[in-house]
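The structure appears right after this line, and notes come after that.
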Amino acid sequence: MRYALIGCGRIAPKHIQAIMENGVIPAAVCDLSDDKANLLLEEFGLSGKTAVYTDYRLMLQEVSPNITAIAIPSGGHAQAAVECLKNSSSVILEKPAALSMKELSQLKKAQCDTGLRIGVCHQNRFNPPVRRLKKALQENRLGKISHISLQVRWYRDKDYYSQAAWRGRWDQDGGILMNQCIHGIDLLNYMMNCRPISVKGVIQNRFHPYIQAEDVGAAIISYENGALGIVEGTGNVYPENLEETLCVFGEKGTVCLGGYALEKVELWRVNGEPFEKNISILNTAPQNVYGSGHSELYREFISAVKSGEASIVDLSQTAQAVELVLAIYKSHKTRQEVFLPLDDFSTREMEGSFGKA
(Lines give C-alpha, C1' and ligand atoms only; values in the text may rest on other atoms or scores of the structure.)
Protein backbone atom coordinates (compact mmCIF):
# COMPACT_ATOMS: atom_id res chain seq x y z
CA MET A 1 0.00 0.00 0.00
CA ARG A 2 1.58 3.27 -1.15
CA TYR A 3 0.10 6.30 0.57
CA ALA A 4 0.64 10.00 -0.14
CA LEU A 5 -0.67 13.19 1.43
CA ILE A 6 -1.33 16.48 -0.36
CA GLY A 7 -1.37 19.40 2.10
CA CYS A 8 0.65 19.55 5.32
CA GLY A 9 -1.39 22.09 7.29
CA ARG A 10 -3.47 22.02 10.44
CA ILE A 11 -5.34 18.75 9.85
CA ALA A 12 -2.41 16.86 8.27
CA PRO A 13 -1.13 15.27 11.54
CA LYS A 14 -4.46 13.47 11.97
CA HIS A 15 -4.02 11.87 8.54
CA ILE A 16 -0.41 10.84 9.15
CA GLN A 17 -1.28 9.41 12.55
CA ALA A 18 -4.24 7.50 11.10
CA ILE A 19 -2.34 5.88 8.22
CA MET A 20 0.57 4.92 10.50
CA GLU A 21 -1.83 3.39 13.03
CA ASN A 22 -2.91 1.17 10.13
CA GLY A 23 0.63 -0.03 9.58
CA VAL A 24 1.50 2.08 6.53
CA ILE A 25 4.53 4.39 6.29
CA PRO A 26 3.68 7.34 4.01
CA ALA A 27 5.56 7.18 0.71
CA ALA A 28 5.36 10.94 0.12
CA VAL A 29 3.88 14.21 1.30
CA CYS A 30 3.35 17.37 -0.71
CA ASP A 31 2.96 21.01 0.23
CA LEU A 32 3.77 24.31 -1.45
CA SER A 33 6.04 24.90 1.55
CA ASP A 34 8.67 22.19 1.82
CA ASP A 35 9.52 23.57 5.29
CA LYS A 36 5.99 22.80 6.45
CA ALA A 37 6.20 19.32 4.94
CA ASN A 38 9.56 18.62 6.61
CA LEU A 39 8.24 19.77 10.00
CA LEU A 40 5.33 17.35 9.66
CA LEU A 41 7.68 14.47 8.91
CA GLU A 42 9.91 15.39 11.84
CA GLU A 43 6.90 15.29 14.15
CA PHE A 44 6.31 11.64 13.25
CA GLY A 45 9.92 10.52 12.90
CA LEU A 46 9.59 10.16 9.14
CA SER A 47 12.47 12.37 7.99
CA GLY A 48 14.47 10.44 5.41
CA LYS A 49 11.75 7.78 5.14
CA THR A 50 9.09 9.79 3.30
CA ALA A 51 9.68 11.85 0.16
CA VAL A 52 8.79 15.55 0.05
CA TYR A 53 7.28 17.28 -2.98
CA THR A 54 6.00 20.77 -3.73
CA ASP A 55 4.15 19.70 -6.93
CA TYR A 56 1.49 17.07 -6.35
CA ARG A 57 1.21 16.18 -10.04
CA LEU A 58 4.88 15.25 -10.10
CA MET A 59 4.42 13.32 -6.87
CA LEU A 60 1.55 11.30 -8.36
CA GLN A 61 3.63 10.43 -11.42
CA GLU A 62 6.78 9.44 -9.54
CA VAL A 63 5.32 7.76 -6.44
CA SER A 64 2.18 6.14 -7.97
CA PRO A 65 0.27 5.98 -4.67
CA ASN A 66 -2.66 3.58 -4.20
CA ILE A 67 -4.35 6.06 -1.84
CA THR A 68 -3.82 9.82 -1.70
CA ALA A 69 -5.27 12.01 1.04
CA ILE A 70 -6.12 15.60 0.09
CA ALA A 71 -5.98 18.21 2.86
CA ILE A 72 -5.57 21.48 0.97
CA PRO A 73 -7.92 24.51 1.01
CA SER A 74 -11.48 23.50 0.14
CA GLY A 75 -11.54 25.32 -3.17
CA GLY A 76 -8.91 22.97 -4.56
CA HIS A 77 -10.39 19.68 -3.37
CA ALA A 78 -12.27 18.64 -6.50
CA GLN A 79 -9.52 19.41 -8.99
CA ALA A 80 -6.85 17.61 -6.95
CA ALA A 81 -9.10 14.58 -6.48
CA VAL A 82 -9.75 14.27 -10.20
CA GLU A 83 -6.00 14.46 -10.86
CA CYS A 84 -5.39 11.66 -8.36
CA LEU A 85 -7.99 9.42 -9.97
CA LYS A 86 -6.52 10.08 -13.41
CA ASN A 87 -3.19 8.92 -11.98
CA SER A 88 -4.68 5.64 -10.70
CA SER A 89 -4.95 6.64 -7.05
CA SER A 90 -8.02 6.35 -4.87
CA VAL A 91 -8.66 9.39 -2.68
CA ILE A 92 -9.42 10.27 0.92
CA LEU A 93 -10.76 13.79 0.51
CA GLU A 94 -11.06 16.27 3.36
CA LYS A 95 -14.46 17.86 3.77
CA PRO A 96 -16.15 19.50 2.02
CA ALA A 97 -15.76 17.34 -1.08
CA ALA A 98 -16.60 20.30 -3.31
CA LEU A 99 -17.98 23.83 -3.31
CA SER A 100 -20.41 23.47 -6.22
CA MET A 101 -22.78 20.98 -7.79
CA LYS A 102 -20.64 21.10 -10.94
CA GLU A 103 -17.59 19.96 -8.98
CA LEU A 104 -19.61 17.18 -7.35
CA SER A 105 -20.65 15.97 -10.79
CA GLN A 106 -17.04 16.03 -11.96
CA LEU A 107 -15.98 13.94 -8.97
CA LYS A 108 -18.76 11.40 -9.48
CA LYS A 109 -17.91 11.08 -13.18
CA ALA A 110 -14.18 10.62 -12.47
CA GLN A 111 -14.94 7.94 -9.89
CA CYS A 112 -17.25 6.14 -12.31
CA ASP A 113 -14.83 6.41 -15.25
CA THR A 114 -11.81 5.10 -13.32
CA GLY A 115 -13.49 2.56 -11.06
CA LEU A 116 -11.47 3.95 -8.15
CA ARG A 117 -12.80 5.17 -4.82
CA ILE A 118 -13.35 8.63 -3.31
CA GLY A 119 -13.85 8.62 0.43
CA VAL A 120 -14.76 11.87 2.18
CA CYS A 121 -13.24 12.42 5.62
CA HIS A 122 -16.41 12.35 7.73
CA GLN A 123 -14.65 10.62 10.59
CA ASN A 124 -17.45 11.10 13.11
CA ARG A 125 -19.42 8.35 11.37
CA PHE A 126 -17.01 5.99 13.13
CA ASN A 127 -17.55 7.30 16.66
CA PRO A 128 -18.93 4.51 18.88
CA PRO A 129 -22.01 6.54 19.99
CA VAL A 130 -22.77 7.43 16.35
CA ARG A 131 -22.52 3.79 15.33
CA ARG A 132 -24.73 2.78 18.22
CA LEU A 133 -27.42 5.28 17.26
CA LYS A 134 -27.21 4.28 13.59
CA LYS A 135 -27.74 0.62 14.54
CA ALA A 136 -30.74 1.51 16.71
CA LEU A 137 -32.31 3.41 13.81
CA GLN A 138 -31.61 0.58 11.37
CA GLU A 139 -33.38 -1.78 13.75
CA ASN A 140 -36.30 0.70 14.08
CA ARG A 141 -35.96 0.73 17.87
CA LEU A 142 -36.94 4.41 18.09
CA GLY A 143 -40.02 3.84 15.94
CA LYS A 144 -41.35 6.50 13.61
CA ILE A 145 -39.13 9.59 13.63
CA SER A 146 -40.60 13.01 14.33
CA HIS A 147 -37.45 15.06 13.74
CA ILE A 148 -33.70 15.17 14.09
CA SER A 149 -31.71 18.20 15.22
CA LEU A 150 -28.13 19.40 15.04
CA GLN A 151 -26.61 22.18 17.14
CA VAL A 152 -23.02 23.21 16.47
CA ARG A 153 -22.23 25.98 18.95
CA TRP A 154 -18.58 26.85 18.61
CA TYR A 155 -16.29 29.87 18.85
CA ARG A 156 -14.07 31.12 16.03
CA ASP A 157 -12.17 34.38 16.54
CA LYS A 158 -10.11 36.56 14.24
CA ASP A 159 -6.94 34.62 15.03
CA TYR A 160 -8.54 31.48 13.63
CA TYR A 161 -9.39 33.11 10.31
CA SER A 162 -6.03 34.88 10.15
CA GLN A 163 -4.21 31.53 10.09
CA ALA A 164 -5.14 31.05 6.43
CA ALA A 165 -6.25 33.59 3.84
CA TRP A 166 -8.73 31.17 2.24
CA ARG A 167 -10.89 30.76 5.34
CA GLY A 168 -14.29 32.38 5.18
CA ARG A 169 -14.00 33.17 1.44
CA TRP A 170 -16.85 32.19 -0.83
CA ASP A 171 -14.57 30.99 -3.63
CA GLN A 172 -12.33 28.87 -1.38
CA ASP A 173 -14.32 27.90 1.69
CA GLY A 174 -17.81 29.06 2.56
CA GLY A 175 -18.80 29.80 6.13
CA ILE A 176 -19.67 28.03 9.36
CA LEU A 177 -22.12 25.65 7.68
CA MET A 178 -19.82 24.47 4.90
CA ASN A 179 -16.62 24.31 6.93
CA GLN A 180 -17.50 23.44 10.52
CA CYS A 181 -21.09 22.12 10.49
CA ILE A 182 -20.81 19.84 7.48
CA HIS A 183 -19.76 16.89 9.64
CA GLY A 184 -22.99 17.14 11.60
CA ILE A 185 -25.07 17.79 8.49
CA ASP A 186 -23.58 14.63 6.99
CA LEU A 187 -24.73 12.75 10.09
CA LEU A 188 -28.29 14.09 9.73
CA ASN A 189 -28.52 12.44 6.31
CA TYR A 190 -26.68 9.34 7.51
CA MET A 191 -29.14 8.80 10.36
CA MET A 192 -32.26 9.53 8.33
CA ASN A 193 -31.16 7.13 5.56
CA CYS A 194 -33.35 8.89 2.99
CA ARG A 195 -33.00 11.92 0.79
CA PRO A 196 -33.77 15.47 1.91
CA ILE A 197 -36.39 16.82 -0.45
CA SER A 198 -36.45 20.51 0.48
CA VAL A 199 -34.89 23.07 2.79
CA LYS A 200 -35.55 26.56 4.10
CA GLY A 201 -32.47 28.35 5.37
CA VAL A 202 -31.12 31.66 6.56
CA ILE A 203 -27.56 32.76 7.30
CA GLN A 204 -25.88 35.88 8.66
CA ASN A 205 -22.50 37.37 9.42
CA ARG A 206 -22.84 38.99 12.85
CA PHE A 207 -19.39 39.17 14.45
CA HIS A 208 -16.85 38.53 11.66
CA PRO A 209 -16.82 41.46 9.21
CA TYR A 210 -13.33 40.45 8.05
CA ILE A 211 -14.65 37.30 6.31
CA GLN A 212 -17.07 37.07 3.37
CA ALA A 213 -19.22 34.17 4.52
CA GLU A 214 -21.65 33.44 7.35
CA ASP A 215 -20.81 32.95 11.02
CA VAL A 216 -24.33 31.77 11.98
CA GLY A 217 -26.97 29.83 10.10
CA ALA A 218 -30.19 27.91 10.62
CA ALA A 219 -32.30 25.63 8.46
CA ILE A 220 -35.35 23.38 8.43
CA ILE A 221 -35.10 20.30 6.21
CA SER A 222 -37.90 18.05 4.95
CA TYR A 223 -36.99 14.40 4.37
CA GLU A 224 -38.62 11.81 2.12
CA ASN A 225 -39.95 9.89 5.12
CA GLY A 226 -41.83 12.95 6.40
CA ALA A 227 -39.44 13.72 9.25
CA LEU A 228 -37.92 17.15 9.74
CA GLY A 229 -34.30 18.11 10.23
CA ILE A 230 -33.31 21.20 12.20
CA VAL A 231 -29.86 22.78 11.91
CA GLU A 232 -28.30 25.51 14.05
CA GLY A 233 -24.67 26.33 13.44
CA THR A 234 -22.52 29.19 14.68
CA GLY A 235 -18.99 30.26 15.46
CA ASN A 236 -20.23 33.05 17.72
CA VAL A 237 -20.39 31.32 21.13
CA TYR A 238 -18.07 33.38 23.32
CA PRO A 239 -15.52 32.65 24.71
CA GLU A 240 -14.96 29.01 23.61
CA ASN A 241 -16.61 26.01 21.96
CA LEU A 242 -19.77 25.03 23.82
CA GLU A 243 -21.17 21.90 22.19
CA GLU A 244 -21.99 19.82 19.18
CA THR A 245 -25.24 17.98 19.79
CA LEU A 246 -27.22 15.57 17.60
CA CYS A 247 -30.67 14.53 18.80
CA VAL A 248 -33.19 12.10 17.32
CA PHE A 249 -36.81 12.20 18.48
CA GLY A 250 -38.86 9.07 17.79
CA GLU A 251 -42.22 7.73 18.95
CA LYS A 252 -40.42 5.07 21.04
CA GLY A 253 -37.24 6.86 21.99
CA THR A 254 -35.15 10.00 22.38
CA VAL A 255 -31.39 9.95 21.90
CA CYS A 256 -28.96 12.86 22.16
CA LEU A 257 -25.25 12.64 21.40
CA GLY A 258 -22.85 15.40 22.41
CA GLY A 259 -19.41 16.32 23.66
CA TYR A 260 -16.56 17.77 21.59
CA ALA A 261 -17.16 15.54 18.57
CA LEU A 262 -20.30 13.48 19.30
CA GLU A 263 -18.27 11.03 21.36
CA LYS A 264 -20.69 11.09 24.29
CA VAL A 265 -24.21 9.82 24.96
CA GLU A 266 -25.95 12.79 26.56
CA LEU A 267 -29.29 10.97 26.74
CA TRP A 268 -30.44 7.48 25.74
CA ARG A 269 -34.09 6.87 26.55
CA VAL A 270 -35.47 4.13 24.34
CA ASN A 271 -38.51 2.00 25.14
CA GLY A 272 -37.47 -1.29 26.77
CA GLU A 273 -33.81 -0.29 27.18
CA PRO A 274 -31.88 0.99 30.22
CA PHE A 275 -31.96 4.74 30.68
CA GLU A 276 -28.55 6.39 30.20
CA LYS A 277 -27.35 9.94 30.69
CA ASN A 278 -23.96 11.63 30.30
CA ILE A 279 -22.10 8.45 29.33
CA SER A 280 -18.79 8.60 27.47
CA ILE A 281 -18.39 5.48 25.32
CA LEU A 282 -14.77 6.23 24.46
CA ASN A 283 -12.08 5.28 26.98
CA THR A 284 -10.34 8.58 26.28
CA ALA A 285 -12.59 11.38 25.10
CA PRO A 286 -11.12 13.57 22.32
CA GLN A 287 -9.99 17.00 23.44
CA ASN A 288 -10.74 18.76 20.15
CA VAL A 289 -13.43 18.92 17.50
CA TYR A 290 -11.56 16.58 15.14
CA GLY A 291 -12.66 13.61 17.20
CA SER A 292 -11.00 10.20 17.23
CA GLY A 293 -12.46 8.45 14.20
CA HIS A 294 -9.68 9.01 11.66
CA SER A 295 -7.85 5.74 12.27
CA GLU A 296 -11.02 3.68 11.92
CA LEU A 297 -12.00 5.63 8.80
CA TYR A 298 -8.63 4.83 7.24
CA ARG A 299 -8.94 1.16 8.22
CA GLU A 300 -12.36 0.88 6.63
CA PHE A 301 -11.36 2.80 3.50
CA ILE A 302 -8.19 0.74 2.95
CA SER A 303 -10.31 -2.40 3.20
CA ALA A 304 -12.79 -1.00 0.67
CA VAL A 305 -10.02 -0.11 -1.79
CA LYS A 306 -8.54 -3.62 -1.52
CA SER A 307 -11.91 -5.35 -1.93
CA GLY A 308 -13.30 -3.00 -4.57
CA GLU A 309 -16.42 -2.41 -2.49
CA ALA A 310 -17.89 0.99 -1.59
CA SER A 311 -16.81 2.59 1.67
CA ILE A 312 -19.12 3.89 4.38
CA VAL A 313 -17.74 7.34 3.53
CA ASP A 314 -17.86 6.87 -0.25
CA LEU A 315 -18.73 10.02 -2.20
CA SER A 316 -22.04 8.43 -3.19
CA GLN A 317 -22.94 8.35 0.52
CA THR A 318 -21.56 11.74 1.56
CA ALA A 319 -22.21 14.10 -1.38
CA GLN A 320 -25.64 14.98 0.03
CA ALA A 321 -23.98 17.00 2.80
CA VAL A 322 -22.45 19.43 0.29
CA GLU A 323 -25.69 19.56 -1.70
CA LEU A 324 -27.68 20.35 1.42
CA VAL A 325 -25.39 23.20 2.51
CA LEU A 326 -25.53 24.65 -1.01
CA ALA A 327 -29.32 24.42 -0.84
CA ILE A 328 -29.33 26.32 2.46
CA TYR A 329 -27.21 29.02 0.86
CA LYS A 330 -29.49 29.17 -2.17
CA SER A 331 -32.56 29.38 0.08
CA HIS A 332 -31.07 32.37 1.88
CA LYS A 333 -30.17 34.07 -1.39
CA THR A 334 -33.57 33.51 -3.02
CA ARG A 335 -35.61 33.88 0.19
CA GLN A 336 -37.46 30.73 -0.89
CA GLU A 337 -37.77 27.08 -0.03
CA VAL A 338 -35.33 25.12 -2.21
CA PHE A 339 -36.20 21.69 -3.56
CA LEU A 340 -33.66 18.91 -4.04
CA PRO A 341 -31.83 17.63 -5.97
CA LEU A 342 -30.11 20.86 -6.99
CA ASP A 343 -29.38 21.30 -10.67
CA ASP A 344 -26.50 23.69 -10.08
CA PHE A 345 -25.27 26.09 -7.43
CA SER A 346 -21.93 27.24 -6.12
CA THR A 347 -20.64 29.04 -3.05
CA ARG A 348 -19.29 31.65 -5.48
CA GLU A 349 -22.88 32.71 -6.15
CA MET A 350 -23.03 33.98 -2.54
CA GLU A 351 -20.30 36.57 -3.05
CA GLY A 352 -21.39 40.00 -1.82
CA SER A 353 -23.98 38.59 0.59
CA PHE A 354 -22.43 40.39 3.58
CA GLY A 355 -20.12 42.96 2.02
CA LYS A 356 -16.66 42.71 0.50
CA ALA A 357 -14.42 41.42 3.29
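The values are calculated or read from the model by the stated rules, or taken from the named source; none is laboratory data. Quantities reported herein were computed from a predicted structural model and do not represent experimental measurements. Here the Cβ is made from the backbone with ideal geometry for all residues, glycine too, and neighbour counts use every protein chain on show.
If you check Met1 against the conditions, is it under 26 Å from Asp113 (Cβ atoms), at pLDDT below 95 and touching a strand residue (DSSP E or B) at 6+ places or on another chain (Cβ under 8 Å)? Steps first, please.
Values: under 26 Å from Asp113 (Cβ atoms): yes; at pLDDT below 95: yes; touching a strand residue (DSSP E or B) at 6+ places or on another chain (Cβ under 8 Å): yes.
Yes, satisfied.
I'd like to check something: does region 102-119 contain any residue that is closer than 30 Å to Phe207 by Cα, surrounded by 17 or more Cβ atoms within 10 Å (Cβ to Cβ) and either touching a residue at least 12 places away in the same chain (Cβ under 8 Å) or not small (Gly, Ala, Ser) (or both)?
no
Name the pairs: first residue in region 37-52 and closer than 17 Å to Ile19 by Cβ, second residue of a type outside the set (A, V, I, L, M), Cβ to Cβ under 6 Å, at least 6 apart or on different chains?
Ala37/Cys8; Ala37/Asp31; Leu40/Cys8; Leu41/Ser47; Leu41/Thr50; Thr50/Pro26; Val52/Asp34
Gly115 - would you say it is on the phi > 0 side of the Ramachandran plot and of a type outside the set (S, T, N, Q)?
Against the criterion (on the phi > 0 side of the Ramachandran plot and of a type outside the set (S, T, N, Q)), Gly115 qualifies.
When you go through (1) of a type outside the set (Gly, Ala, Ser); (2) surrounded by fewer than 24 Cβ atoms within 10 Å (Cβ to Cβ); (3) over 12 Å from Val325 (Cα atoms); (4) within 17 Å of the chain's Cα centre (by Cα) one by one for Asn179, which number turns out not to apply?
Result: Asn179 passes all but (3).
Any residue at all in region 134-157 that is in a helix (DSSP H, G or I) and surrounded by 23 or more Cβ atoms within 10 Å (Cβ to Cβ)? Walk me through it before giving the result.
Filtering region 134-157 down to residues in a helix (DSSP H, G or I) leaves 134-138.
Then keep just the ones that are surrounded by 23 or more Cβ atoms within 10 Å (Cβ to Cβ); that gives none.
No, that holds for no residue.
Among the residues of region 225-244, is any under 20 Å from Asn127 (Cα atoms) and buried (at least 22 other Cβ atoms within 10 Å of the Cβ)?
yes
Given the structure, is Ala97 in a loop (DSSP other than H, G, I, E, B), hydrophobic (A, V, I, L, M, F, W, C), under 18 Å from Asn179 (Cβ atoms) and modelled with pLDDT of 95 or more?
Yes.
Within region 30-47, take every residue that is under 20 Å from Gln163 (Cα atoms) and of a type in the set (Gly, Ala, Ser) and give me the one that is surrounded by the most Cβ atoms within 10 Å (Cβ to Cβ).
Ala37
May I ask you to list the residues in region 114-143 that are touching a Phe, Trp or Tyr at 6+ places or on another chain (Cβ under 8 Å) and polar (S, T, N, Q)?
Passing the criteria: only Gln123.
Among the residues of region 10-27, what is the count of those that are modelled with pLDDT under 95 and of a type in the set (Gly, Ala, Ser)?
0
Quick one: is Ser295 outside the structural domain of Asp344 (by TED's automatic domain parsing) and either under 18 Å from the mean Cα position of the chain (by Cα) or in a strand (DSSP E or B) (or both)?
So Ser295 fits the description; yes.
Conditions (1) more than 19 Å from Arg335 (Cα to Cα); (2) modelled with pLDDT of 95 or more, marked per residue:
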position: Gln163; (1), (2): yes, no
position: Arg167; (1), (2): yes, yes
position: Gln172; (1), (2): yes, yes
position: Gln180; (1), (2): yes, yes
position: His183; (1), (2): yes, yes
position: Met192; (1), (2): yes, yes
position: Ile197; (1), (2): no, yes
position: Arg206; (1), (2): no, yes
